[in-house]
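What follows is a short report on a single structure.
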Amino acid sequence: MTRLSAKYLGKRLLIAYVTLLVIMTLIFLLLRAMPGGFVESMITPEMTAAQADRIREVWGANDPLYVQYGRFLVNYQTGNFGWSPHWNEAVWGLLLRRLPRTVILFGAIFVVGYMIGPLVGMYLGWWRGSATDQGVFTGGLLAYSAPVFWLAWLFIWFFNYYTGWLPSAYLKTQFPTFAITPLNVTLDMLRHLALPLLSVAVVAWVGPMLVMRTQMNNVVDTNYVRLARAKGLPERTVMIKHAARNALIPVATSAIVGIAFILDGSVIIENLFNWPGLGQLIITGIVQRDFPTVQALFFVLSVLIIVFRLVTDVVYTYLDPRIDFEEGA
């Protein structure tokens, strides 16, 4: 039976909505604080004053700032992201086409990182001080301190240029010579996914491993763990069901931070591997001063992070029975 209450969920939904409004306000103000608006970049010296004014009118640049802000809030909360002047299509359609590609890549990175990291951290924290613990811990710190783009370049050199085992760009082969079947297309996409996934996953697992290792160190000598051992329970059962469950609570918190860092890394990784996702779209939109697209991208990424944070709060109700979610929320 869940301990989640409507009162607690309502508070978290309200906080999430207020947070989203604050982020939307910052996005609106910061983009307009940049020198040279995107509307002005569309006006050429050959245009007449009437033509230039017509462009400003179409894009709403002649309206007062508070009117633009109000229109921005209403449109974005109703899913109307406007038109992209660079790609000459609706921003919503552009995002829908690119979002699944980012979700595929960084969803895979998140799953791999948060499957391997807590599992390794659980064993290292349980057998703390062992040679395996010290070796894996040191190796993890070395990987964690390496820049992701440097690791990506290293893997590209070895797996693409030196051995030719894996492709280093795009979501799929641009001019395939193999038979176009569902199996071949899937295998081809997995080969293209492997290198960017490996480049980030080498670092992504270390953060949750460090958190889980520390928490396992803290709970390994607690009274409830000693009691479980005194009952004669198998060591594996004590480690997983009694120690690891309580140690997972801070890992769940770190997961939301990990999502934010992974999404931030999409800008670098997608451009490095020419992966046609949201990260590559952000760079192109900024360079081309396509503010409607950039605004929508930041808005979508913010919504994703806020939703993940809300899910983390809800998961807390299942992980830690000691927290009073009714009164302490």
Listed by first then second residue, the pairs whose first member lies in the range 234-245 and is part of a helix (DSSP H, G or I), whose partner is among the small types (Gly, Ala, Ser), with beta carbons under 7 Å and at least 6 positions apart or on separate chains, are Val238/Ala228; His242/Ala228
Within the range 93-112, residues in contact (Cβ under 8 Å) with a residue 40 or more places away in the chain and either over 18 Å from Leu272 (Cα atoms) or charged (D, E, K, R) (or both) come out as Leu94, Leu95, Arg98, Arg101, Phe110, Val112
ask   = Given the structure, is Val148 of a type in the set (A, V, I, L, M, F, W, C) and modelled with pLDDT of 90 or more?
value = no
Among residues of the range 266-278 being assigned to a helix (DSSP H, G or I) and under 15 Å from Leu193 (Cβ atoms), the residue modelled with the lowest pLDDT is Ser266
Boolean, Val58 is of a type outside the set (Phe, Trp, Tyr) and assigned by TED's automatic domain parsing to the domain that holds Thr237
no
Conditions (1) out of contact with any Gly (no Cβ under 9 Å at 6 or more places or on another chain); (2) within 28 Å of Met239 (Cβ to Cβ); (3) in contact (Cβ under 8 Å) with a residue 12 or more places away in the chain -> Leu151 fails only (2)
A careful count of residues in the range 132-179 that are among the polar types (S, T, N, Q), surrounded by 11 or more Cβ atoms within 10 Å (Cβ to Cβ) and assigned to a loop (DSSP other than H, G, I, E, B) gives 2
If we keep only residues of the range 181-217 that are in contact with a helix residue (DSSP H, G or I) (Cβ under 8 Å, 6 or more places away or on another chain) and among the β-branched types (Val, Ile, Thr), then the residue nearest to Phe137 (Cα to Cα) is Val206
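The values are calculated or read from the model by the stated rules, or taken from the named source; none is laboratory data. Small disclaimer: the values here were computed from a predicted structure and weren't measured. Positions of Cβ are generated from backbone atoms using ideal geometry, with glycine treated the same way; all protein chains shown enter the neighbour counts.
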